[in-house]
Amino acid sequence: MNSAPIAFVDLKSQRERIRSRIDAAIAAVMDHGIYIHGKEVGEFEAMLAEFTGAEHAMGCGNGTDALQLILMAEGVGPGDAVFIPALTFIATAEVAPLLGATPVIVDVLPNTFNMDPNSLEDAVTMAREMGLNPKIVIPVDLFGQPADYNSINTIAERHGLIVVADAAQSVGGSVGNIKVGKLATWTATSFFPSKPLGCYGDGGAVMTDDPTRAALIRSLQVHGKGENKYDNVRVGINSRLDTIQAAILKEKIAIFPCEIIARERIAKRYNAALFDIAAVPTLAGNIKSSWALYTGVFESRDEVMLKLKDAGISSVVYYSLPVNRQRGYLNYPVAPAGLPTADLLAGKVLSLPMHPYLDEQAQARVIDTVRSAVIG
Ligand SMILES: *Cc1c(COP(=O)(O)O)cnc(C)c1O
């Protein structure tokens, strides 16, 4: 049996596919020399807005900055509660305390891994009783699947919360005919290389339909500029999408729809081959995932991971610790019923190799290895 290593994410195959176009795009930037705010930035922003349907898309330094800029635009500060799911990358959690606000950690649902609306509702009541001002909820579209925005937007409206979608993993997904980018008042995304739409370094974007909010981001990301960057009307930060990264993203977004279709095909194949031995990811009927990651719930997770490693196949645990168990976050409030689902999942989730260039033979090897680890 072939035992060549199988990568978790394979950026090299994509590089080969669009090598000449990427090389030309980078060379064009080096020739015009406008490395900051070059024309490619606006061109990519227009493509991203077109792709998602969002009225305004603004490139920035990375996905974490995108979240921070949004919270700054909403004036988040001490005394404010920012509700986040327990199962996520730490960036979702860190932006609240960075601005002096309190992250309040909410449980997730067992079948989608996304924020549990009932746990959110209870956490909002609890935060108010603690004397906090419930201000922002950040649902995360974990592994590429949009969160339950219908329920969360309704709860947010009832309690006066602003909804900020953490779509770092989910651009390319949708609910019905509404794409990620348009499912909440604000959307933040990341172009970290391994995300479904990644660049060749750090990058991110903020999306919104609201022109006033968009203008605030444009100011905050350039040192709080007014008329120009030497006229400073508020305290801001420096967070830009580099021209070279925008030029690369223009080429990558052109092939992105095909890549999403490939990811869907691969996810379906995994589901069909593993549903009897693991809890495989399920999508509600009208939901499309970007399939950033393919994550199953395995009773003998560590055993499966070990067998994969022995076979030269990469797999990763996203995430082995819920936010509230991270040492820097032990003292922040959690939803009143605790976070039993996040705790359970953290012990059993495993993400398998997933990228648009995973061929059928390689995927069959992953599947055979997982099956033999579970059923011997
Ligand atoms: C990657 C990621 C981020 C942060 O993006 P960066 O560009 O690395 O700052 C935020 N939230 C989630 C859920 C992510 O996966």
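Laboratory data are not the source of any read-out in this text; all were calculated from the coordinates shown. Since the structure is predicted, the reported quantities are computational estimates derived from the model, not experimental observations. Here the Cβ is made from the backbone with ideal geometry for all residues, glycine too, and neighbour counts use every protein chain on show.
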Per-peptide average of other Cβ atoms within 10 Å, ordering 41-50, 104-113 highest first: 104-113, 41-50
message: 7 Å from Cα along Cα→Cβ at both residue 286 and residue 299: what's the point-to-point distance in nm?
response: 3.6 nm
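Calculate the translational D of segment 186-227 in whole µm² s⁻¹ from Stokes-Einstein, where the hydrodynamic radius comes from the Kirkwood formula applied to all Cα pairs, the temperature is 25 °C and the viscosity 0.890 mPa s. Provide the component values of the computation, followed by the final result.
Working: Rh = 11.5 Å.
For the chosen part, D equals 213 µm²/s.
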Residues in segment 336-370 that a label on residue 17 would reach, taking backbone N under 11 Å of a point 7 Å out along Cα→Cβ: 355-359
field: Rg to Rh quotient for segment 173-274, alpha carbon positions, Kirkwood Rh
entry: 1.08
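Which entries of 182/229; 195/252; 12/252; 195/225; 229/250; 182/268 show an alpha-carbon separation above 21 angstrom in the structure shown?
On the way: 182/229 29 Å; 195/252 12 Å; 12/252 13 Å; 195/225 30 Å; 229/250 26 Å; 182/268 26 Å.
Among 182/229; 195/252; 12/252; 195/225; 229/250; 182/268, the Cα-Cα distance tops 21 Å for 182/229; 195/225; 229/250; 182/268.
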message: Rounded to two decimal places and with Rh computed the Kirkwood way over Cα pairs, what is Rg over Rh for segment 118-252?
response: 1.02
- prompt: By a straight-distance test (C-alpha under 14 Å), which aspartates and glutamates pair with residue 348 as possible cross-link partners, with residues fewer than eight away in the same chain excluded?
  reply: 299, 302, 303
query: Looking at segment 230-269 from every direction and averaging, what is the projected area of its Cα convex hull in nm²?
result: 5.1 nm²
task: For segment 265-376, count the residues as N, evaluate 2.2 N^0.38 Å, and divide the Cα radius of gyration by that value, please.
output: 1.17
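Over all pairs of distinct alpha carbons, what does the Kirkwood formula give as the hydrodynamic radius of segment 198-350, in Å? Don't skip to the answer; put the middle values down first.
Numbers: mean 1/r = 0.0502 Å⁻¹.
This gives a value of 19.9 Å.
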- prompt: How far is the Cα center of segment 1-48 from the Cα center of segment 332-376, in Å?
  reply: 29 Å
query: Sorted by average packing, counted as other Cβ atoms within 10 angstrom per residue and highest first, what order do 137-146, 355-364, 243-252, 193-202 take?
result: 137-146, 243-252, 193-202, 355-364
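About the Cα centre of segment 1-146, what is the dipole size in debye to 20, counting +1 per Lys and Arg Cβ and -1 per Asp and Glu Cβ, all else neutral?
Value, rounded to 20: 440 debye.
For residue 32 and residue 237, what does the FRET efficiency come to when R0 = 35 Å and r is the distance between their Cβ atoms, rounded to the nearest 0.05? Walk me through the numbers before you get to the answer.
On the way: r = 27 Å, r/R0 = 0.76.
Using R0 = 35 Å, I get an efficiency of 0.85.
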field: P(r) of segment 6-157 over all Cα-Cα pairs, binned every 5 Å from zero, in whole percent
entry: 2, 8, 13, 15, 17, 14, 11, 9, 7, 4, 2, 0
- prompt: Between residue 43 and residue 24, what is the spin-label point distance in nm, taking each point 7 Å from the Cα along the Cα→C-beta axis?
  reply: 1.1 nm
field: Taking N as its residue count, the alpha carbon Rg of the chain over 2.2 N^0.38 Å
entry: 0.99
